[in-house]
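Everything on this sheet refers to the single structure shown next.
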Amino acid sequence: MISAAILGCAGTVLGDDERSFFREAAPWGFILFRRNVETPDQIRALVDALVETTGRDPREVPILIDQEGGRVQRLRPPHWPKYPPGRAYSLASTNDPMSPRELARLGARLIAHDLASLGINVDCVPVLDVPVPGSHDIIGDRAYAEDPDEVTRLGRAAAEGLLAGGVLPVIKHIPGHGRAFADSHHELPVVTASREELEGWDFRPFRAMTDMPAAMTAHVVYTAIDPDRPATTSPECIRLIRQDIGFDGLLMTDDLSMNALSGTLETRAEQALAAGCDVVLHCNGDLGEMVQVMAATGPLAGESERRARAAMARLVRVPEPLDLEDSRGRFERLFAHIEARKGPAVGEA
């Protein structure tokens, strides 16, 4: 049995208690954070250890990370290159020999190379949120642009680059976090825009990328859809994502431990799965919290299992050829002159 969950771990190596727990819990996949990374060899050993607890083929076990670039980059120098935030691509000079779209694809292709060499096969990119004036900077320069069409163009380019390099993209935060005036890590954002405004702005990039293998929900209340519950735990919002937006890929929650959600972790997991999410995500590696999450998480079955299999089937066996030295040099030269727009120091997401 595989459980409908993605879990984190506490440090750079697995403890005996974690190994035993993961063997019993049998999560669908795992997610890595800064606390889990030191060196390339250490990460490969940790990934191997995580996969070993599942008893499954490594190609069937998703290993996730948030490697966007900018302030949301778990793998950093000196072992890995520094990548620009999403907004930097739309700021590229029109005199560059490569268009912003080509740059976004190349950046993602290089990130995919970094990740695949470590055994990481899922990147929680692209961010398809479209900020509005005055919205919270938790999205900020993580967004590719402040226009839905440009976000769509650059988001698709990034997704193509990841897929070509053997890494699955996860579009986020469906159905849109860009209009939120609060940071969902700390409190529950409430968006009061009309359904017409949401359709014309927030939903557009997601509707244009329904062919993607996976998506992550937003812990945001949209009063025009469900005034009482955030999208992650709202049957009405999940129905909108599935039917109106038209996304039929694997739908995972954002981190259940974020303060935007209320109730016990068991309640949060239960409500998210009952609303229609396929898998729940718990990130902080706290073993006691994971026990609570798994108490409400059943097996990955039915349509959710079909979507999970379909997502993993999108992983290419042989990545697109890449001249690494030439591509990385070209990428770094083209960005050397770009001053990426930076928001206030809001910390990592």
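In summary, the range 1-157 shows an alpha-carbon radius of gyration equal to 1.16 times the 2.2 N^0.38 Å reference for compact globular proteins. Among the listed options (1) 6, 27, 36, 24, 7, 0; (2) 5, 18, 22, 20, 18, 12, 5, 1, 0; (3) 5, 24, 32, 25, 13, 2, 0, the one matching P(r) over Cα pairs in 10 Å bins from 0, in percent as calculated from these coordinates is (1).
Here is how the number arises for the chain: DSSP H runs of 4 or more residues each give -39500 (n - 2.57), the sum is divided by the residue count, and the result at 222 nm is -10000 deg cm²/dmol.
Within the shell of other residues whose beta carbon sits under 11 angstrom from the beta carbon of Arg306, the net charge comes to -2, with Lys and Arg scored +1 and Asp and Glu -1.
In this simple spin-label model, placing a label point 7 Å from the Cα along the Cα-to-Cβ direction at both Ala182 and Ser117 gives a separation of 4.3 nm. Between Asp41 and Glu146, the FRET efficiency estimated from the beta carbon spacing at R0 = 30 angstrom works out to 0.15.
Taking label points 7 Å from Cα along the Cα-to-Cβ direction, Asp228 and Asn284 give a separation of 2.7 nm. At full extension, Thr267 and Asp16 could sit 87.6 nm farther apart than now, given 0.36 nm per residue minus the alpha carbon distance. The three principal axes of the Cα atoms in the range 124-237 give end-to-end lengths of 40, 29, 28 Å, sorted in falling order.
Site pair Thr192 and Arg76 shows an inter-label distance of 3.8 nm when each label is modelled 7 Å from Cα along Cα→Cβ.
Just so you know, all these numbers are worked out from the coordinates, no wet-lab data involved. A quick note: this is a predicted structure, and the numbers were derived from the prediction, not measured. No Cβ is skipped: glycine too gets one built from the backbone with ideal geometry, and neighbour counts run over all protein chains shown.
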